[in-house]
Amino acid sequence: MLKRVIPFAHELLQNSMQSGDFAIDATAGNGHDTVMLADIVGHSGHVLAFDVQKQAVENTKTRIQEMGLNHVTVIHDGHEHLERYLPENARYNLGGAIFNLGYLPGSDKSIVTTPETTITAIQLLLKHLKKGRLIVLVVYHGHSGGKEEKDALIRYLSQLDQKVYQVLQYQFLNQKNNPPFILAIEKKETRS
Ligand SMILES: C[S@@+](CC[C@H](N)C(=O)[O-])C[C@H]1O[C@@H](n2cnc3c(N)ncnc32)[C@H](O)[C@@H]1O
């Protein structure tokens, strides 16, 4: 049976990551993906979760505290600055990363991810990602600016060297109202 987008995004990371890994949630929001990553890496690993929105940072902190997850650090800053927060043991050693693009449901719809910062963050993550590992993006694009971000991302990812990266698009073609889709990048080689 065909998997829905969010379960498939999680499955891609569950199948490629392992306990003890260092992982990044680039768009923490309400912390659902943060918890999913924390579950994969376990207490011997670590998750850094970024969000520019105070409400999202608070929501994610509350969620991880309630679940007793002390191997997660939530950072109130943009993912485009993620390199500033990578500890030495995470540099060139990331086990995986996820983005949920768009706006935080139930929150300020004017705070959305943007093509420039998203692509900057992807470039940084690709640099630090381990060979054989994935960056997974769930692309919501129905909002204002969403089409521009989607088009810019597909343009950028389409020109990545196929000897170094595999890029997947997973999308239902016959659903109405701009359904989200997945973009996933696997690093095949360590040169970036
Ligand atoms: C679709 S929501 C994420 C949902 C989240 N993954 C969850 O499980 O609830 C997108 C989030 O990206 C955040 N965001 C926007 N620009 C950002 C940036 N430059 N760096 C980090 N987060 C950003 C928004 O504040 C918003 O919370």
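The values are calculated or read from the model by the stated rules, or taken from the named source; none is laboratory data. Here the structure is a predicted model, which means the values were calculated and not measured. Methodologically, a virtual Cβ is constructed for each residue, glycine included, from the backbone with ideal geometry; neighbour enumeration extends over all protein chains shown. For the accessible areas, the whole protein counts, side chains as well, though only heavy atoms, and no ligand, DNA or RNA atoms are used. Shrake-Rupley method; radii C 1.70, N 1.55, O 1.52, S 1.80 Å.
Scan the stretch 68-86 and tell me whether some residue there is within 16 Å of L126 (Cα to Cα), outside any helix (DSSP H, G or I) and at pLDDT 95 or above.
Scanning the stretch 68-86, I find at least one residue that is within 16 Å of L126 (Cα to Cα), outside any helix (DSSP H, G or I) and at pLDDT 95 or above, so the answer is yes.
I'm checking my understanding of the structure. Among residues of the stretch 149-158 that are touching a helix residue (DSSP H, G or I) at 6+ places or on another chain (Cβ under 6 Å) and of a type outside the set (A, V, I, L, M, F, W, C), which one is most open to solvent (accessible area, probe 1.4 Å)?
Only one residue fits best here, namely Y156.
Conditions tested, residue by residue: (1) under 12 Å from the mean Cα position of the chain (by Cα); (2) open to solvent by 40 Å² or more (accessible area, probe 1.4 Å).
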| site | (1), (2) |
| --- | --- |
| F22 | no, no |
| H32 | yes, yes |
| H43 | no, yes |
| K54 | no, yes |
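State the number of residues belonging to the stretch 87-117 that are farther than 20 Å from Q55 by Cβ and either near the ligand (Cβ under 7 Å from one of its atoms) or not in a loop (DSSP other than H, G, I, E, B) (or both). Write out each step before concluding.
As a first pass, look at the stretch 87-117 and keep what is farther than 20 Å from Q55 by Cβ: 87-97, 115-116.
Those left that are additionally either near the ligand (Cβ under 7 Å from one of its atoms) or not in a loop (DSSP other than H, G, I, E, B) (or both): 88-90, 94-97, 115-116.
Looking only at that region, the number is 9.
Which pairs do you get when a residue that is open to solvent by less than 90 Å² (accessible area, probe 1.4 Å), found in the stretch 103-117, comes within reach of a residue that is of a type in the set (S, T, Y), reach meaning Cβ atoms under 7 angstrom, with the pair 6+ apart or on two chains?
These pairs meet every condition: I111/Y103; V112/Y103; T113/T27.
E11 is checked against (1) more than 12 Å from the ligand (Cβ to nearest atom); (2) open to solvent by less than 20 Å² (accessible area, probe 1.4 Å); (3) over 19 Å from Y92 (Cβ atoms) and fails just one. What number does that condition carry?
(2)
State all residues of the stretch 26-62 that are part of a strand (DSSP E or B) and basic (K, R); if no residue qualifies, say none.
The initial filter retains those residues of the stretch 26-62 that are part of a strand (DSSP E or B), namely 46-50.
Within the stretch 26-62, no residue meets the criteria.
Just checking, does the stretch 53-67 include any residue being in contact with a strand residue (DSSP E or B) (Cβ under 8 Å, 6 or more places away or on another chain) and within 25 Å of Y170 (Cβ to Cβ)?
The first filter runs over the stretch 53-67 and keeps only residues in contact with a strand residue (DSSP E or B) (Cβ under 8 Å, 6 or more places away or on another chain), leaving 57, 60-61, 64.
When the remaining residues are screened for being within 25 Å of Y170 (Cβ to Cβ), the result is none.
Within the stretch 53-67, none of the residues are in contact with a strand residue (DSSP E or B) (Cβ under 8 Å, 6 or more places away or on another chain) and within 25 Å of Y170 (Cβ to Cβ).
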